[in-house]
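Peer 1: Structure incoming, see below.
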Amino acid sequence: MPDSFKMSNLPFSLLNEREQKLLRSNLDLGYYQKGEAILQAPELSEGVYVVYKGRVAEVDPDAEDGIEHVFMHYENEDYFGGWSAIHGTTIHNFVAEEETICHILPTAALLELMATNADFADYFQQNLSAKSQIAAQQGEGQDMAEFMLATISDATLRDPLIVNEGTSIAEATALMRETKSDCVLARKGSRVGMVTGTDLLDAVVLEGKALETDVAEIAKYRLVTTHPEDYLFNVLVLMTQQQIERVVVMDGTTLIGIVQLTDVLSYFSSHSHVIGLRLERASTVEDLRQAAKGINALIKALISTGVRIRFTMDLLAAMNGRIISKLFDLVVPDDLQPHVCLIVMGSEGRGEQIMKTDQDNAIIFRNALMWPDMEKVMQEFSAKLISFGFPPCPGNIMVSNSYWVNSVDDWTQKLQDWSLSNDGEDQMNLAIAVDAKPVAGNVALFKVARNWFLRNLHNNDIFFSHFARAAIEFDTPLTFFGNIKDKGELDIKKGGIFPIVHGVRTLALEHRILKTNTYERLELLQEMGVLGEQESEDLCEALGLFIHIRLRQQLRRADESGSGIDPTPNIIELGVLNKMDRDLLRDALQVVKGFKKSLTSRYHLSS
Amino acid sequence: MLRAIRRFKDKRTQKHGAWAHLFEKYEGKEVVSLDLETTSLDVSKASILSIGAVRITGNRVKTSDRLDIALKPPADLTAESIKIHKIRAQDLAEGIELRDALEQVLEFIGNRPVLGYYVNYDIRVLSKFLRQEFGFDLPNTAIELSHVYHDIIKWKHVGGDVDLRFDTIASKLDMPIIQRHTALGDAITVALMYVRLKHGDSSNLSG
């Protein structure tokens, strides 16, 4: 086949030259007119189809009411029929929605390629976590930043100070002072050893060596080395394991430089430790505001450095938590702090908010607390948080709203009332509240209320069935790819993130899991055997993908908006996604769909 | 007419030869799309540079079942034809001998109908060399793409001539052109257009 087949798309790009040749020599072209079935259940599949031109819909052959249920659209180099080819027959119909030409790779050739290329085979197993890993290994450019960790050559390499054998301790110390180095490499014959400032001190002070002693004598020759393309992350691990602060970078046998622990740390956290320090040192609200303002820049730095999305989330959750608790300390008088507890809820409570999209917080105070100024102080608290760049909650779920400032008794009563109500708003309030995490004040107050609530929720099937329903409420948009030109965007919160978060929340609540983070909940649910390993991993990957793609678009829109605030934080514009993102997104939405199905049967939600 | 008489004579002389089966009536459903790149548009002067062919079955262009031959550079590879085909002598350095190429072509197409765009030209060039090497003309039925197109289009086209240029047909049929000016690429493009005309819906075509 000449150049009409694009070999650069996954998974075909995984093939080596010989395999690509085999593939090319086996491809046929099929022509289908509008409305024609390309594959029909339960027909025997011929192979994998790659759309060259046109558009194909995957539909349910058993659709009732004469309404065809479309699962998926394929166009523009998308492939389909892989599952059918491997399993023999197809269970869905594939219909040309417009005049279509497909490349067809016969099953025999597909199986041969799968036999010789394990990555290619994995990719066809339709398993999201395997796919994203393969995609990660293929990593190209900025798009793959999440999966790629920065390499040593990106970080500051220090030029080594090298001295010859015969250089005295005194001379070496002078040289180090002059070049502002804190270590020196000493040559001895063909070997090179390292002497650090501490080594010099030890030699002279503790061992009483003369200042004329040759540094080559006190150098350590067992150098820990690495190569310039190694990941910075590995260097950090190496330093931790060996309890050292410097690693020598060698390109083959050439010495290139030295990486220091401080450089690695500062590169990783970019400004994170600077911001962290400023947060800790802030003694006035104004100091705190200044520190908080640096967070958006930090997010960008983390994302472009290639720090994993989960680490980013954890770090930001920790920092936002510190900002909020610091502010609480500054605003709430010391003597009252043991009597109140500040909780954050929703995505903040789960530690999954990266860009600050809203604030959901509440106060639980000791029963019968007398604090006349409470309302005023809470108003001030909310206003200050807003001025820090935490947008106000559109649903007014903030401590400035007295509905969210409750005594322990009132709070437990509210939780109880919500859980017994069929009202949509009550259900939503409860969903937000069960993700609550205490961030300041007296944590015990929060725990009392939570534990009471969980005890009383015992085995209430009707409740769970009702609570879970929201997870399947929004349609998961698997057919949007056909409409890229018309509409070109989707609400990823409704279509992907919320169903996972809420479904996992329901399962976690049912199994009395106290963790609020969705990933941690998934891990625990898997340990308890509630979810299968594959299902749990796929859900983790899917959620990570949604959040990552959303974040990239949020950052761009925030940049473009002028105000620094993204006006449409949950929208994913499909047009700007590359082919691989679209593929992964589609698979991830497929995972969501499967999860909703299993929720439906678990909680008897048949709509 | 002349071609029919020659063919009749050839069939008789080849009756007991190695190529007798080429003269039998074709009973199958396949068609072979064929294209030659040559050094001249004048049959008597033309040498063959490369030959591309694919089989067509139903709605399927069997690109896995194809012929893609480059011949040894002929003495007359001129600058003019290089301009048309962008084939330079060095591209053909690895090519095979004319006689081998012709054998492969006959083997590949058998007695199937031969499809092409201005296919008579290709058939005449092939015949010139076949007669020289084996003593007969290519006997296969010819299918002319522009005729197939014209037959379908003319009903919607009142008055005037139908534009039968290759690129026009391709764009009217909304078919992609695959590697223009390579023998195999053109053979595949023609095959796709043929499948589109035979198999597709013609109601949305306009003159």
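The values are calculated or read from the model by the stated rules, or taken from the named source; none is laboratory data. Small disclaimer: the values here were computed from a predicted structure and weren't measured. When we count neighbours, we look across all protein chains shown, and the Cβ atoms used for this are built from the backbone with ideal geometry, even at glycine.
Peer 1: So, restricting to helices (runs of 4 or more DSSP H) that lie completely within region B:46-156, which ones have at least 1 residues that are modelled with pLDDT under 85?
Peer 2: Passing ranges, in order: B:79-85, B:145-153.
Peer 1: Counting only residues that are closer than 15 Å to B:S50 by Cβ and more than 10 Å from every other protein chain (Cβ to nearest Cβ), which one in region B:171-185 is surrounded by the most Cβ atoms within 10 Å (Cβ to Cβ)?
Peer 2: If we take residues in region B:171-185 being closer than 15 Å to B:S50 by Cβ and more than 10 Å from every other protein chain (Cβ to nearest Cβ), then B:A183 is surrounded by the most Cβ atoms within 10 Å (Cβ to Cβ).
Table: residues versus (1) within 18 Å of A:G321 (Cα to Cα); (2) assigned to a helix (DSSP H, G or I); (3) of a type in the set (F, W, Y).
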residue: A:K376; (1), (2), (3): no, yes, no
residue: A:F381; (1), (2), (3): yes, yes, yes
residue: A:K384; (1), (2), (3): yes, yes, no
residue: A:P391; (1), (2), (3): yes, no, no
residue: A:P394; (1), (2), (3): no, no, no
residue: A:V399; (1), (2), (3): yes, no, no
residue: A:L415; (1), (2), (3): no, yes, no
residue: A:W418; (1), (2), (3): no, yes, yes
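Peer 1: For region A:443-464, does any single residue satisfy the condition of being out of contact with any Ser or Thr (no Cβ under 9 Å at 6 or more places or on another chain) and in a loop (DSSP other than H, G, I, E, B)?
Peer 2: Scanning region A:443-464, I find at least one residue that is out of contact with any Ser or Thr (no Cβ under 9 Å at 6 or more places or on another chain) and in a loop (DSSP other than H, G, I, E, B), so the answer is yes.
Peer 1: Here is a list: A:D426, A:D358, A:D417. Which entry is exposed (fewer than 15 other Cβ atoms within 10 Å of the Cβ) and among the acidic types (D, E)?
Peer 2: A:D417
Peer 1: Which of the residues spanning region A:521-541 are in contact with a Lys or Arg (Cβ under 9 Å, 6 or more places away or on another chain) and closer than 24 Å to A:N460 by Cβ?
Peer 2: Matches in region A:521-541: A:R521, A:L524.
Peer 1: Among the numbered criteria (1) of a type outside the set (A, V, I, L, M); (2) over 30 Å from A:R602 (Cβ atoms); (3) assigned by TED's automatic domain parsing to the domain that holds A:K579, which one does A:D373 miss?
Peer 2: Answer for A:D373: the failing condition is (3).
Peer 1: Just need a number here: residues in region A:182-206 that are assigned to a helix (DSSP H, G or I) and within 21 Å of A:R158 (Cβ to Cβ).
Peer 2: Number of matching residues: 5.
Peer 1: Right, here's the next one. In the set A:L545, A:L531, A:L605, which member is among the aliphatic types (A, V, I, L, M) and either within 27 Å of A:F390 (Cβ to Cβ) or assigned to a helix (DSSP H, G or I) (or both)?
Peer 2: Checking each option against the conditions leaves just A:L545.
Peer 1: Hey, another quick one. Keeping to region A:23-37, report how many residues are free of Cβ contacts under 8 Å to residues at least 60 places away in the same chain, assigned to a helix (DSSP H, G or I) and more than 7 Å from chain B (Cβ to nearest Cβ).
Peer 2: 1
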